[in-house]
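Dropping the structure in here first, questions after.
The values are calculated or read from the model by the stated rules, or taken from the named source; none is laboratory data. No experiment lies behind these values; they were computed from the predicted model shown. Every residue, glycine among them, receives a Cβ derived from its backbone with ideal geometry; neighbour counts consider all protein chains shown. Heads up: the accessible areas ignore ligands, DNA and RNA and are worked out on the full protein's heavy atoms, side chains in. Shrake-Rupley method; radii C 1.70, N 1.55, O 1.52, S 1.80 Å.
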Amino acid sequence: MIATTPFHDRVAALNQTGLWSHWAGRLVAEKYQLSEKFEYFAIRNAAGVFDTSPLFKYRISGRDAEAFLAGVLARDIRLCRPGRAHYTMWCDDRGYVVEDGVVFRLSDREFWLTCAEPNLSYFGDLVGSAQVTIEDVSDHYAALALQGPKSRRVLTGLAREVEELPYFGLAPTKIAGTAAVVSRTGFTGDLGYEIWVEGSDALAVWDAVAEAGEGWGVIPIGQIALDMARIEAGLLLLAVDFHSSRYAWTDHDRSTPVELGYEWMFRHLATDDRAFIGRRAIERELAEASSRWRLMGLVVGWADHDRLYREAGLIAPKDHLPVHEEVMVYDRAGERAGYATSSMYSPILQRHIALARVRPDLAIPGSSVSLELTINHRHQLVEAEVARLPLFAPDRKTS
């Protein structure tokens, strides 16, 4: 049976389209408005409210909590101070990514971990004799994201702590008279926050945010608008841009953190004494430069794109709907050089863009490649340029 989130009463009343999908066994809105682009522009110009409650949430606490996480997570959690959060990954013994998530450090001995897929048994099997308690609090807490340039102004009116909250910082507060934790995190690549609150208080918090957002252009956003924003931001989607090593059939569907563009997670490895899972394999990959791919952005050449369609007697499409399928990438010699995993026409960049794995020798901004597309049922190659991720990164995101 499909469950609903603690915000469902408000979500259902606002969903004008009646379009729903399933996320972690929960019912979530695909889009509220008839135009998902309208919701997308709310993220980029005002603020959008997104129900992110289906995320799995684990409380990890105890005397050995830090040491335990330091031995599992690829990024050194010891560098994360109380009141801050880390984006991180956890790998298998061969250095392939199991999954990614965000760790919130509430105190010296208490952490929250959020992720897209269930990982309770995975972490539980690794505890051994460590003094660590891992609790699944997924159903106990609701999460509401407020994302966009007006998000700080809106939330500051409800919780003064938000005004000075740094990027990836978190703070306990009260909203609508109820206890909450606000983190400066999100999945849009824009200025944004997430509100973590007990499920029984979810509707009161939603109403308070909605009231505070009146006059600022704040509207609810669905899965499609969020997907558009995260592609521009270079944020990876599990089972689309990478796959968990637990479920992959072959190594072709597995990825290392370095191949996914997260080599920066290991910049302190020379002074890092942790024996975390996958360390030896990652050290070897870095030392031997043996990565098969590097995940980069692609920006399609608009003139060549328009020419191909014009010569075919067609008007070049500018479809903003995200495409989640592999599209081959070729080098200038016509040899296969990688593949794109997510692509779309970016409304704010006014260009066709993609997230793609390319050969390491082409993972240099400005490198020329070709992207495959189909016109009149025939394969064509369109010029594209390799670009650094994120493709859209406004200063307000971190300032």
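What pairs come out if I take residues in the stretch 27-43 that are within 20 Å of residue 214 (Cα to Cα) and pair them with residues that are open to solvent by 30 Å² or more (accessible area, probe 1.4 Å) and small (Gly, Ala, Ser) whose C-beta lies under 8 Å away, six or more apart or interchain?
42/217
Can you confirm whether residue 166 is touching a residue at least 12 places away in the same chain (Cβ under 8 Å), in contact with a Pro (Cβ under 8 Å, 6 or more places away or on another chain) and not in a strand (DSSP E or B)? Don't jump to the end; show me each part of the working.
On the way: touching a residue at least 12 places away in the same chain (Cβ under 8 Å): yes; in contact with a Pro (Cβ under 8 Å, 6 or more places away or on another chain): no; not in a strand (DSSP E or B): yes.
It is false that residue 166 is touching a residue at least 12 places away in the same chain (Cβ under 8 Å), in contact with a Pro (Cβ under 8 Å, 6 or more places away or on another chain) and not in a strand (DSSP E or B).
If you don't mind, another one. Which condition number in (1) within 11 Å of residue 47 (Cα to Cα); (2) open to solvent by 20 Å² or more (accessible area, probe 1.4 Å) is the one that residue 221 fails?
(2)
Take the stretch 145-178 and flag every residue that is of a type in the set (Ser, Thr, Tyr) and within 25 Å of residue 5 (Cα to Cα). Please lay out each step first, then the result.
First, the residues of the stretch 145-178 that are of a type in the set (Ser, Thr, Tyr): 151, 156, 167, 173, 178.
Listed by number, the residues that qualify are 151, 173, 178.
In the stretch 1-47, how many residues are assigned to a strand (DSSP E or B), over 21 Å from residue 116 (Cβ atoms) and not hydrophobic (A, V, I, L, M, F, W, C)?
So the answer is 0.
Here is a list: 311, 288. Which entry is open to solvent by 60 Å² or more (accessible area, probe 1.4 Å), within 25 Å of residue 371 (Cβ to Cβ) and of a type in the set (D, E, K, R)? Spell out the reasoning first.
Details: 288 fails: within 25 Å of residue 371 (Cβ to Cβ).
The match here is 311.
Return yes when residue 181 is among the hydrophobic types (A, V, I, L, M, F, W, C), under 20 Å from residue 6 (Cα atoms) and either outside any loop (DSSP other than H, G, I, E, B) or more than 23 Å from the chain's Cα centre (by Cα) (or both) and no when it is not.
So residue 181 passes the test.
Which of the residues that make up the stretch 291-315 are part of a loop (DSSP other than H, G, I, E, B) and either of a type in the set (Lys, Arg) or touching a His at 6+ places or on another chain (Cβ under 6 Å) (or both)?
Of the residues in the stretch 291-315, the ones part of a loop (DSSP other than H, G, I, E, B) are 291-293, 301, 312-315.
Correct list: 292 only.
Search the stretch 296-308 for residues being surrounded by 15 or more Cβ atoms within 10 Å (Cβ to Cβ) and aliphatic (A, V, I, L, M), and hand back the single one that is farthest from the chain's Cα centre (by Cα).
Top of the filtered list is 308.
Would a scan of the stretch 37-44 turn up a residue that is buried (at least 17 other Cβ atoms within 10 Å of the Cβ), closer than 29 Å to residue 253 by Cα and of a type in the set (Val, Ile, Thr)?
Within the stretch 37-44, the first condition is being buried (at least 17 other Cβ atoms within 10 Å of the Cβ), and the residues that meet it are 39-44.
Checking the rest, the ones that are also closer than 29 Å to residue 253 by Cα come to none.
Checking the stretch 37-44: not a single residue is buried (at least 17 other Cβ atoms within 10 Å of the Cβ), closer than 29 Å to residue 253 by Cα and of a type in the set (Val, Ile, Thr).
Where residues in the stretch 318-334 are of a type in the set (D, E, K, R) and farther than 24 Å from residue 227 by Cα, which of them is least open to solvent (accessible area, probe 1.4 Å)? Don't jump to the end; show me each part of the working.
Of the residues in the stretch 318-334, the ones of a type in the set (D, E, K, R) are 318-319, 325-326, 331-332.
In the following step, the residues that additionally are farther than 24 Å from residue 227 by Cα were identified as 331-332.
On the way: 331: 22, 332: 208 Å².
Among residues in the stretch 318-334 that are of a type in the set (D, E, K, R) and farther than 24 Å from residue 227 by Cα, the one least open to solvent (accessible area, probe 1.4 Å) is 331.
Among the candidates 367, 346, which residue alone is surrounded by 17 or more Cβ atoms within 10 Å (Cβ to Cβ), among the small types (Gly, Ala, Ser) and in contact with an Asp or Glu (Cβ under 6 Å, 6 or more places away or on another chain)?
Numbers: 367 fails: in contact with an Asp or Glu (Cβ under 6 Å, 6 or more places away or on another chain).
Residue meeting the stated conditions: 346.
Right, something else. Being of a type in the set (A, V, I, L, M, F, W, C), in a loop (DSSP other than H, G, I, E, B) and under 19 Å from the mean Cα position of the chain (by Cα) is the filter here, so list the residues in the stretch 349-399 that pass it. Talk me through it step by step, then tell me what you get.
To start, the set of residues in the stretch 349-399 that are of a type in the set (A, V, I, L, M, F, W, C) comprises 349, 353-356, 358, 362-364, 369, 371, 373, 375, 381-382, 384, 386-387, 389, 391-393.
Those still in the list that are in a loop (DSSP other than H, G, I, E, B) too: 349, 363-364, 389, 391-393.
Hits for the stretch 349-399 are 389, 391, 392, 393.
If a residue must be of a type in the set (A, V, I, L, M, F, W, C), open to solvent by 30 Å² or more (accessible area, probe 1.4 Å) and within 12 Å of residue 100 (Cβ to Cβ), how many such residues does the stretch 240-250 contain? Full working, then the answer.
Residues of the stretch 240-250 that are of a type in the set (A, V, I, L, M, F, W, C), as a first pass: 240, 242, 248-249.
Still in the running and open to solvent by 30 Å² or more (accessible area, probe 1.4 Å): 240, 249.
Going one step further and asking which of them are within 12 Å of residue 100 (Cβ to Cβ), we end up with none.
Of the residues in that region, 0 qualify.
Under 7 Å by Cβ, and 6 or more places apart or on different chains, what pairs join a residue from the stretch 125-140 that is among the polar types (S, T, N, Q) with one that is part of a strand (DSSP E or B)?
So the pair list comes out as 133/61; 138/56; 138/57.
What's the number of the only condition in (1) assigned to a loop (DSSP other than H, G, I, E, B); (2) buried (at least 16 other Cβ atoms within 10 Å of the Cβ) that residue 337 fails to meet?
Unmet for residue 337, out of (1) assigned to a loop (DSSP other than H, G, I, E, B); (2) buried (at least 16 other Cβ atoms within 10 Å of the Cβ): (1).
Let me ask you something else. Of the conditions (1) over 18 Å from residue 44 (Cβ atoms); (2) touching a Lys or Arg at 6+ places or on another chain (Cβ under 8 Å); (3) open to solvent by 20 Å² or more (accessible area, probe 1.4 Å); (4) not acidic (Asp, Glu), residue 357 fails just one. Which one is it?
Here residue 357 meets the rest and fails (3).
Those residues that are hydrophobic (A, V, I, L, M, F, W, C), open to solvent by 60 Å² or more (accessible area, probe 1.4 Å) and part of a helix (DSSP H, G or I), I need them from the stretch 251-285; list them, please.
First, pick out the residues of the stretch 251-285 that are hydrophobic (A, V, I, L, M, F, W, C): 258, 260, 264-266, 269-270, 275-277, 281-282.
In the following step, the residues that additionally are open to solvent by 60 Å² or more (accessible area, probe 1.4 Å) were identified as 264, 270, 275.
Passing the criteria: 264, 270.
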